[in-house]
Amino acid sequence: MSNIVAIVGRPNVGKSTLFNRLIKKREAIVDSVSGVTRDRHYGKSDWNGKEFSVIDTGGYTVGSDDIFEGEIRKQVQLAIEEADIIVFVVDVEEGITPMDTEVANLLRKVKKPIFMAINKVDNAMREADAVEFYNLGLGDHYTISSINGSGTGELLDALAEKLEDAPEKENELPRFAVVGRPNAGKSSFINALIGEDRNIVTNIAGTTRDSIDTKYNRFGFDFNLIDTAGIRKKSKVKEDLEFYSVMRAVRSIEFCDVAILVIDATRGFEGQDENIFWLAEKNKKGVVILINKWDLVEKETNTMRDFEAQIRREIAPFTDVPIIFISALTKQRIFKAIETAVEVFENRKKRIPTSKLNETMLDILKQNPPPAYKGKFVKIKFCTQLPTPTPQFVFFCNLPQYVRDPYKRYVENKLREIFDFKGVPIVIYFRKK
């Protein structure tokens, strides 16, 4: 199970505040005006040693009451379908509203763990008021205050008990997830690779409804390709399109080794493409960016260079990512794309011997030590690669608290330059010797 936790509920009950607290960042905009969250936010969290993904399902700001309620209902239905655990947030200040009842009616039919979080309970009087929510028929509830964190520990303790560890891989074949916006050409790319129409292709966004695994064994390559387009049938493709695509991408990316991000060259590198890119980076997956439909773009002398430069600006500081311009229709560079994905996979599992790492890096870091901070000088004594599935390094020094982010990026860039970790996120730690 991929442990996707979706936060649902009507607007302005504090879903985004809870989301920010769970991921320990302020990513979702929070405001007292209902419906501020127009986009769906994704983040990683952990509790009691268990990792899980959190999706803030957001709200809507326009439309009549009927349309408004219909959109919320549709959003909750999507969360129910794709998430593993649902956190239903309600507001103790306003009590049970008709929209809360509507959401509860949907959730009572679900055979997935449901946690009702009664928000804004920050005093004893409101604790007593929370008893009203037993009328929703969802069993036990958790009284919390998202804004100051009270009660969230108890909620997370209960939630963590329902989280499952990632299953062991059935085989050792690399898994490449083909991800991207609807109608970017993901299925066409896979069909072009395998030489047959394995996946349905139309110009309607959302044709691919489920993740489809395809074993690829040609020209010396052996791996599983996963087409993750998975939106919904045409009648459902409206406001919920991006939400559904993100949830499918989350599920597929979490269990892949390399994410092949397909971009529609005729539309450019858009916000949703960037979201999926960072989704893969947060999960520490290898990344290859394919610019598809390049045959449809009018080109000048520097068109390719400018397009690539614009993408690297958007994905900074993780710019060491292969970008390949392809056409699934004409099969231009599609095998180059797969060769590159295999290289990134090899980079991701690369292990540098400790002796070689110290011999190479300590001399460089001695010549360019961390800048003095508050009159203190940092001396790096030893480094090693951690025994983790993805590249992570620890540098032991006398004053790790004085090593700033710019220097960490410098060290990361040196590791990439010397040992070739193209397309792979690197994590660097500085620890006390």
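Taking the criterion of being in a helix (DSSP H, G or I) and surrounded by 13 or more Cβ atoms within 10 Å (Cβ to Cβ), the residues of segment 82-100 that qualify are Glu82, Met99, Asp100. Taking the listed residues Val424, Val344, the one that is surrounded by 18 or more Cβ atoms within 10 Å (Cβ to Cβ) and not in a loop (DSSP other than H, G, I, E, B) is Val344, with no other qualifying. Exactly one residue out of Ile7, Ile55, Ile23 is closer than 22 Å to Ala130 by Cα and at pLDDT 65 or above, and it is Ile7.
This table checks each residue for (1) surrounded by 19 or more Cβ atoms within 10 Å (Cβ to Cβ); (2) in contact (Cβ under 8 Å) with a residue 24 or more places away in the chain; (3) assigned to a helix (DSSP H, G or I); (4) touching an Asp or Glu at 6+ places or on another chain (Cβ under 6 Å).
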site	(1), (2), (3), (4)
Phe277	yes, yes, yes, no
Ile289	yes, yes, no, no
Arg312	no, no, yes, no
Val321	yes, yes, no, no
Ala337	yes, yes, yes, no
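For segment 323-335, a residue qualifies if it is open to solvent by 50 Å² or more (accessible area, probe 1.4 Å) and either in a helix (DSSP H, G or I) or of a type in the set (D, E, K, R) (or both), and the qualifying residues are Lys331, Arg333, Phe335. Taking segment 390-426 as the range and being under 24 Å from Phe277 (Cβ atoms), in contact with a helix residue (DSSP H, G or I) (Cβ under 8 Å, 6 or more places away or on another chain) and either of a type in the set (D, E, K, R) or without any contact (Cβ under 8 Å) to a residue 60 or more places away in the chain (or both) as the test, the residues that pass are Pro391, Phe393, Val411, Lys414, Leu415, Asp420, Lys422, Ile426. Checking every residue in segment 352-368 against the condition of being open to solvent by less than 50 Å² (accessible area, probe 1.4 Å), hydrophobic (A, V, I, L, M, F, W, C), out of contact with any Asp or Glu (no Cβ under 6 Å at 6 or more places or on another chain) and within 30 Å of Val262 (Cα to Cα) gives zero matches. Evaluating Lys120 against the criteria (1) touching an Asp or Glu at 6+ places or on another chain (Cβ under 6 Å); (2) at pLDDT 85 or above; (3) at negative phi leaves one unmet condition, (3).
Sub-6 Å Cβ pairs linking a first residue in segment 13-25 that is at positive phi to a second residue that is charged (D, E, K, R) and surrounded by fewer than 21 Cβ atoms within 10 Å (Cβ to Cβ), at least 6 apart or interchain, number zero. Might you check whether a residue that is over 24 Å from Ile23 (Cα atoms), among the β-branched types (Val, Ile, Thr), buried (at least 20 other Cβ atoms within 10 Å of the Cβ) and under 31 Å from the mean Cα position of the chain (by Cα) occurs anywhere in segment 106-121? Within segment 106-121, none of the residues are over 24 Å from Ile23 (Cα atoms), among the β-branched types (Val, Ile, Thr), buried (at least 20 other Cβ atoms within 10 Å of the Cβ) and under 31 Å from the mean Cα position of the chain (by Cα). Which residues, taken from segment 162-179, are under 27 Å from Ile86 (Cβ atoms) and either buried (at least 23 other Cβ atoms within 10 Å of the Cβ) or modelled with pLDDT of 90 or more (or both)? Across segment 162-179, the qualifying residues are Ala177, Val179. Quickly run through segment 291-310 and pick out the residues that are touching a strand residue (DSSP E or B) at 6+ places or on another chain (Cβ under 9 Å), open to solvent by 10 Å² or more (accessible area, probe 1.4 Å) and aliphatic (A, V, I, L, M). If the condition is that a residue be touching a strand residue (DSSP E or B) at 6+ places or on another chain (Cβ under 9 Å), open to solvent by 10 Å² or more (accessible area, probe 1.4 Å) and aliphatic (A, V, I, L, M), then Leu296, Val297, Met304 are the ones that fit.
Applying the set (1) open to solvent by 30 Å² or more (accessible area, probe 1.4 Å); (2) modelled with pLDDT under 90; (3) in a strand (DSSP E or B) to Arg73 leaves exactly one unmet item: (3). Within segment 131-141, being among the aliphatic types (A, V, I, L, M) and either open to solvent by 80 Å² or more (accessible area, probe 1.4 Å) or at pLDDT 90 or above (or both) holds for Val131, Leu136.
The values are calculated or read from the model by the stated rules, or taken from the named source; none is laboratory data. Predicted model only: the values in this text are computed from it and were never measured. Glycine gets a Cβ as well: all are built from the backbone with ideal geometry, and neighbour counts include every protein chain shown. The protein model used for the area step is the full one, side chains on, heavy atoms only, and it has no ligands, DNA or RNA in it. Shrake-Rupley method; radii C 1.70, N 1.55, O 1.52, S 1.80 Å.
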